[in-house]
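A.B. asks: Sharing a structure here in structure tokens format.
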Amino acid sequence: MSEEDLPLVCGEDAANDYFGLRIPFLEYCGIRGVARGEGWTLSEVVLGPQMTNSMGTGHGGLIMTLLDVAMGSAARLSEPASKGVVTVDLHTSFIRPARDWVRCRAEVTSRTARTVFCEASVNDRDGQLVAKGMATFKLIYAERGSDA
């Protein structure tokens, strides 16, 4: 199935599950996981009026959250043995205002034993680039205890 064939909105069952995790903040933001694979994710959010800035466009903090969780999930999915990831560094470039609905594709670009590097893009309904992100994540392993 190509990205173009994917639904614009996930089913209700997926609203409480972001690629295997329940993350209350994402539920609050309305961010949904659409598709995933080893080292990549596709996520989306419908921009309601409560998610806008004073100019009526998507708030930059919401777009950064979308980038962070999409890339973080891609990083986590790249290493099935990990318990999770923590964000070490996140860079965002805003290209144009976000309106109505956006989709984020994130992918792992490189990794070491404990560090994962990702890139992502956020596009609007017309496929126009809204924002780009790059991030670094630290893998967390259960057997090593809490070293986040």
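A.B. asks: Does the stretch 83-112 hold any residues that are farther than 15 Å from residue 38 by Cα, among the small types (Gly, Ala, Ser) and out of contact with any helix residue (DSSP H, G or I) (no Cβ under 8 Å at 6 or more places or on another chain), and which are they?
C.D. replies: Selection gives 93 alone.
A.B. asks: Out of 76, 99, 103, I need the residue that is modelled with pLDDT under 95, within 20 Å of residue 31 (Cβ to Cβ) and touching a strand residue (DSSP E or B) at 6+ places or on another chain (Cβ under 6 Å). Which one? So that I can check it myself, show each step before the final result.
C.D. replies: Numbers: 99 fails: touching a strand residue (DSSP E or B) at 6+ places or on another chain (Cβ under 6 Å); 103 fails: modelled with pLDDT under 95.
Of 76, 99, 103, the one residue that is modelled with pLDDT under 95, within 20 Å of residue 31 (Cβ to Cβ) and touching a strand residue (DSSP E or B) at 6+ places or on another chain (Cβ under 6 Å) is 76.
A.B. asks: Name the residue that is surrounded by the most Cβ atoms within 10 Å (Cβ to Cβ), counting only residues in the stretch 28-56 that are assigned to a loop (DSSP other than H, G, I, E, B) and within 14 Å of the chain's Cα centre (by Cα). Steps first, answer last, please.
C.D. replies: Here is the first cut: in the stretch 28-56, the ones assigned to a loop (DSSP other than H, G, I, E, B) are 30-31, 38-39, 47-48, 53-56.
From what is left, the residues that are within 14 Å of the chain's Cα centre (by Cα) are 30-31, 39.
Numbers: 30: 17, 31: 23, 39: 18.
Across the stretch 28-56, the extreme among qualifying residues is 31.
A.B. asks: Quick check on residue 125: is it within 17 Å of residue 18 (Cα to Cα) and of a type outside the set (A, V, I, L, M, F, W, C)? Walk me through it before giving the result.
C.D. replies: On the way: within 17 Å of residue 18 (Cα to Cα): no; of a type outside the set (A, V, I, L, M, F, W, C): yes.
When the stated conditions are applied, residue 125 does not pass them.
A.B. asks: On to the next question. Looking only at residues in the stretch 68-112 that are part of a helix (DSSP H, G or I) and among the charged types (D, E, K, R), which one is surrounded by the fewest Cβ atoms within 10 Å (Cβ to Cβ)? Let's see the steps before the verdict.
C.D. replies: Here is the first cut: in the stretch 68-112, the residues part of a helix (DSSP H, G or I) are 68-77.
Cutting the leftovers down to among the charged types (D, E, K, R) gives us 68, 76.
Numbers: 68: 21, 76: 24.
Applying the filter and picking the extreme gives 68.
A.B. asks: Applying the selection to the stretch 113-131, what residues are free of Cβ contacts under 8 Å to residues at least 40 places away in the same chain, part of a strand (DSSP E or B) and among the small types (Gly, Ala, Ser)?
C.D. replies: If the condition is that a residue be free of Cβ contacts under 8 Å to residues at least 40 places away in the same chain, part of a strand (DSSP E or B) and among the small types (Gly, Ala, Ser), then 121 is the only one that fits.
A.B. asks: Further question: Which condition number does residue 61 fail, the rest of (1) in a helix (DSSP H, G or I); (2) surrounded by 17 or more Cβ atoms within 10 Å (Cβ to Cβ) being met?
C.D. replies: Of the numbered conditions (1) in a helix (DSSP H, G or I); (2) surrounded by 17 or more Cβ atoms within 10 Å (Cβ to Cβ), the odd one out for residue 61 is (2).
A.B. asks: Of all the residues that make up the stretch 70-118, how many are closer than 14 Å to residue 44 by Cα and acidic (Asp, Glu)?
C.D. replies: Residues in the stretch 70-118 being closer than 14 Å to residue 44 by Cα and acidic (Asp, Glu): 1 in total.
The values are calculated or read from the model by the stated rules, or taken from the named source; none is laboratory data. The shown structure was predicted, so the numbers you read here are calculated from the model rather than taken from an experiment. Methodologically, a virtual Cβ is constructed for each residue, glycine included, from the backbone with ideal geometry; neighbour enumeration extends over all protein chains shown.
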